[in-house]
Amino acid sequence: MGETFRSSVLRLAHEDRAEFFEPRRSRTFPWYLVLFRIALEDCSGSLRLFSKGVDDDRTQRRAREVVGILRELHSDRCLIPQPGLAARLLREALDNQPLFDDLARQIMIDVGPHLNNAEEVARYGRKKHAYKLPRRPARKRQQLTDAEQPGWAGVNRMPSQKVQMPCRVVPDIKKLIEDEAFHVGISQSRWLEEAIAEKLQRQGHPVYLPAPSKAPKTSEGSARRPRRASLPHPDKSRSSAANRADKMTTVRFSRTLAAQIDRARGRTERSAWVNEAVSSFMNEEARLPEALAPKQALPVAVSVGFDHQIFCCHRTRCEEI
């Protein structure tokens, strides 16, 4: 049945493309499933979602097969048949109205999880699957399952949100997976998860993965200084002042000159700006400006005590002169 349905859609695509939608970004697969469910309701007459029908494994597998074929045509071949056309071709492939009614009912039931999962991923996928998960608080010893064993023991580990599946592949396939994951920019685990999800979608299962979160961009720091081949003083420690690459010195500036340097350097550190200015001055072999005349020392007031008779004689003599 599935191959008959697929071949009929492909044959009609070569004969008349007017019966198909033009691929657009807004025409997603969940959008098409909504229209296809409405078309099945119209073709089934009085059949509705909660009407009674035969529930068996064969009908469920056929329903998943039809949804998988529509997904393959939509994603891989960019063929989006009109919903009414797809429903009519499906009914012709079955060639039995009771079987078509049961299959249409099962497809309408299976479309619900597809839409719910796609909506949940579109709304909450990035919030639930953040790149850097918050760190869990450390548990106390009495909160561990087995307090006698360390916290990293298998019995004391916190339950994981994912299940690990051991898998063995040949080295050639392992190399191909590494190359493809590196080319796309995702991890090998994510690549395998997408491959498994795609295979399940081809079989009609409602599996939708959230978009992979991107790593936060880190700011590029300054280039690291290359390591020295030897130390000036090997007998001393590497962190000693004699073995440091930079020599520390103290320079005093006036407040006016310091303010001018701060305006000229902008966001550059004051030490780096002064270092660059000195290096530029030395490379240009410039001459130092003439030294400013030293400031004259201000007079200093000194208190001197004289005898009263000497002070009176000195005052009388000054008056005579």
_On a full-extension model of 0.36 nm per residue, what is the gain between Ala272 and Asp42, subtracting their alpha-carbon distance, rounded to one decimal in nm?_
75.1 nm
*asked:* On the Cα set of segment 1-124, report Rg and Dmax in Å, please.
replied: 14.1, 42
*Tell me the label-point distance for the pair His14, Ser187, using the 7 Å Cα-to-Cβ offset, in nm and rounded to one decimal.*
4.6
*Report the full-extension gain for the segment Met282 to Arg255: residue separation times 0.36 nm, less the Cα-Cα distance, to one decimal in nm.*
7.2 nm
*Among the trypsin sites (Lys or Arg not before Pro) in segment 144-202, which ones are in a DSSP loop with at most 11 other Cβ atoms within 10 Å of the Cβ? Mind listing them?*
Arg157, Lys162, Arg168
*Distance in nm between label sites at Ala138 and Arg228, each 7 Å beyond Cα in the beta-carbon direction?*
3.9
_Check which residues have an amide H placed less than 5 Å from Ile80's amide H, if you skip close sequence neighbours._
Phe21
*For the pair Glu22 and Leu115, how long in nm is the line joining their label points, each one 7 Å along Cα→Cβ?*
2.7
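All of the numbers you see were taken from the coordinates with simple rules; none came from a lab. A quick note: this is a predicted structure, and the numbers were derived from the prediction, not measured. In this analysis, Cβ positions are derived from the backbone assuming ideal geometry, glycine residues included, and neighbour counts consider all displayed protein chains.
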